[in-house]
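The values are calculated or read from the model by the stated rules, or taken from the named source; none is laboratory data. Note that the coordinates shown come from a computational prediction; the quantities given were computed from them, not determined experimentally. Positions of Cβ are backbone-derived with ideal geometry, glycine not excepted, and every protein chain shown enters the neighbour counts. Note: areas computed on protein heavy atoms with side chains; ligands, DNA, RNA excluded. Shrake-Rupley method; radii C 1.70, N 1.55, O 1.52, S 1.80 Å.
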Amino acid sequence: MPRRLVVDSREVPTDAEGYLLRLDEWSEGFAVAQARSEGLELTPAHWEVIRYLRDYYAEHGVQAQVRTMIRHFTQRWGAERGSNHVLHELFPVGGPQKQGNRLAGLLKTKGEH
């Protein structure tokens, strides 16, 4: 069942899990409001992942796979901070591929139900 998330005083339609119904409705305000609804306070590290996901999608037309994220953030942040474990700690509700994509305003990944 679709729902509406209040973002900057206006309602933005999402699916029942919080994924945008229209990708062009994304804004940083959406990411903040959706994260808050999921009990998450966004830090600079979250924003770096969200921007990476959006840039990757814009360049490749598909969502980044977790192993691609790990490779990128291991190079950027070092082996410990760029690990799968740390990325999942940042996005505890489904990991960087589900929660990260949702907050980045991207579609569900293939095979996600």
The helices (runs of 4 or more DSSP H) lying wholly within region 5-113 that contain at least 2 residues that are touching an Asp or Glu at 6+ places or on another chain (Cβ under 9 Å) and of a type in the set (Phe, Trp, Tyr) are 66-77
Apart from one, (1) open to solvent by 30 Å² or more (accessible area, probe 1.4 Å); (2) out of contact with any Ser or Thr (no Cβ under 8 Å at 6 or more places or on another chain); (3) modelled with pLDDT under 95 all hold for VAL12; the odd one out is (1)
